[in-house]
1. For the stretch 318-460, what are Rg and Dmax over the alpha carbons, in angstrom?
2. Where does each of 427-435, 76-84 land if you order them by average Cβ count within 10 Å, highest first?
3. Could you name the aspartates and glutamates whose alpha carbon sits less than 15 Å from that of K465, not counting residues in the same chain fewer than 8 places away?
4. Once fully extended, how much extra length lies between R155 and S416, figured as 0.36 nm per residue of separation less the alpha-carbon to alpha-carbon distance?
5. Could you go through the stretch 330-337 in sequence order and give the Karplus-derived ³J(HN,Hα) for each residue, using 6.51 cos²θ - 1.76 cosθ + 1.60 with θ = phi - 60°, rounded to whole Hz, and x for Gly and Pro?
6. Using 0.36 nm per residue of separation minus the Cα-Cα distance, give me the extension gain between D200 and T467 in nm, one decimal.
7. Can you list residues from other chains, or at least 5 along the same chain, whose modelled amide H is less than 5 Å from the amide H of S404?
8. Starting from the amide H of Y283, placed 1.01 Å from N in the peptide plane, find each other amide H under 5 Å away whose residue is 5 or more places distant or on another chain.
Amino acid sequence: MLPSLWCETLPLSSLRSAKSRPSSCCPAHTQDMAQNAGTVTEPSEESQCPEERENHSERQIYLDYNATTPLAEEVVEAVTEALREAWGNPSSCYTAGCKAKQLIDTARANIARMLGGKPEDIIFTSGGTEANNMVFFSAVEYFSRADGKNRAVARSRPHIITSNVEHDSVALPLLHLQSTQRAEVTFVPVSTVTGRVEVDDVIAALRPNTCLVSIMLANNETGVIMPVCELSQRLASVSQDRASQGLPSILLHTDAAQALGKVEVDAEELGVNYLTIVGHKFYGPRIGALYIRDLGHLSPLLPILHGGGQERSFRPGTENTPMIAGLGKAAELVSLHCAAYESHMRSVRDYLEQRLKAVFGDRIRFNSRFPGTERLPNTCNVSLLRPSVLGREWLSQCCHLQASVGAACHSDRGDSPSPVLLSSGVPPEAARGAVRLSVGRETSRHDVDLIVRDLKQGAEKLGAKETREGNV
Ligand code: PLP
């Protein structure tokens, strides 16, 4: 049922462009597999189309969509059109400038629609890292300036609360603010049972000088979805009590980099003041945006860059029109097809986990399944327990699979286990062996069959090596 919705609603050009995607699949098979959703059938070589059999040996299957995604074909078209037709300075009032301004306005409206916000709530940035930094530096400066504060609070540094599994673009600016003594920061540990940051733990960490809470909407390694909506409701009632004591109200930020395009995100419903948008995680270009709820009234924002008056001076600099147009197109696709994207990814990811379980049994551990916790529909974090190998070693034995052992920005971590997995309660042995498989809009069940065979033969090679070396 869901996959047929997928087939009906998938833009035709997405199917046409399937061969150029990292995870190439036969469009006819996307349909075949859609009809099989929910059932685990034994895959066979015969079930492959001739084109797939032919290319089998050199076929690469990309399962690292949490690291980045390719551009949707419609996005390439929007960027190309803007490069050709909208090269003028958007601040100029002749035709080329007006065309550029019009594209930027359309993109802003599309991004707002994707989030259930208003166009004036959106400020374009270079990416997620900048959007996150903007929120923290702005909050610290605003808090230091704010008048009419309670005397004890006026003497203290701003306090920011976050979790201990955030992306580096959140954790590192906060550590920097802490080490330069411009802010106090509390890193609330996530529960090792649920993998989530618990609302009660955040509330317990509040101080009179707390000005901001920043909790990601979904984790990039485990896919765990954090209780941001519940948190905003609790913070709203806490802020009301604080107002009567002259304490600052608490602003809420969420980094939605991993959630957008995978699950429905409604910023108003979430009740956040700020939300980070990252284009290259949802088939858009490598720029981003920040959503600010009722900018200047409900949610303060101070620029971290100073220059021309673009983006109402909140983020000056001549606008990157082609990339903004592409981001707007990527957002439009999400608004139109998010439900179909989600159900397709969920069906393929669940099939992947069923096949892994059927082939490996208790020799593997799923690291992103936490009881009662929702997770992204595309993420499977898995470790090979026997033979006990590093995730990197397992991947290196695979001929077709392109995946990673965790966040791309930690690729220099060597063989040490992911702190996110350890913090989430994954045993060290399993964390060392973890591989993150994240499926995309066009990953098919045939891709999964090939990958599971690939992982199996990789594990066999490692098992034989272990036996030879007398480790068993
Ligand atoms: N936040 C999360 C959760 C991410 O996964 C990423 C990228 O990996 C970012 C923020 C930062 O995005 P960028 O590197 O594009 O600035």
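The numbers here are math on the coordinates, done by the rules we state, and not lab data. Just so it is clear, the structure is predicted and the values come from calculations on it, not from any experiment. No Cβ is skipped: glycine too gets one built from the backbone with ideal geometry, and neighbour counts run over all protein chains shown.
1. Taking only Cα atoms of the stretch 318-460, I get Rg and Dmax of 16.9, 56 Å.
2. Going by the mean number of other Cβ atoms within 10 Å, highest first, we get 427-435, 76-84.
3. Within the straight-line limit of under 15 Å, K465 reaches these aspartates and glutamates: E393.
4. Length gained between R155 and S416: 89.8 nm.
5. 4, 5, 4, 4, 5, 4, 6, 10
6. Full-extension gain reported as 91.2 nm.
7. Here R436 satisfy the definition.
8. Excluding prolines and chain starts, which carry no amide H, the hits are T69.
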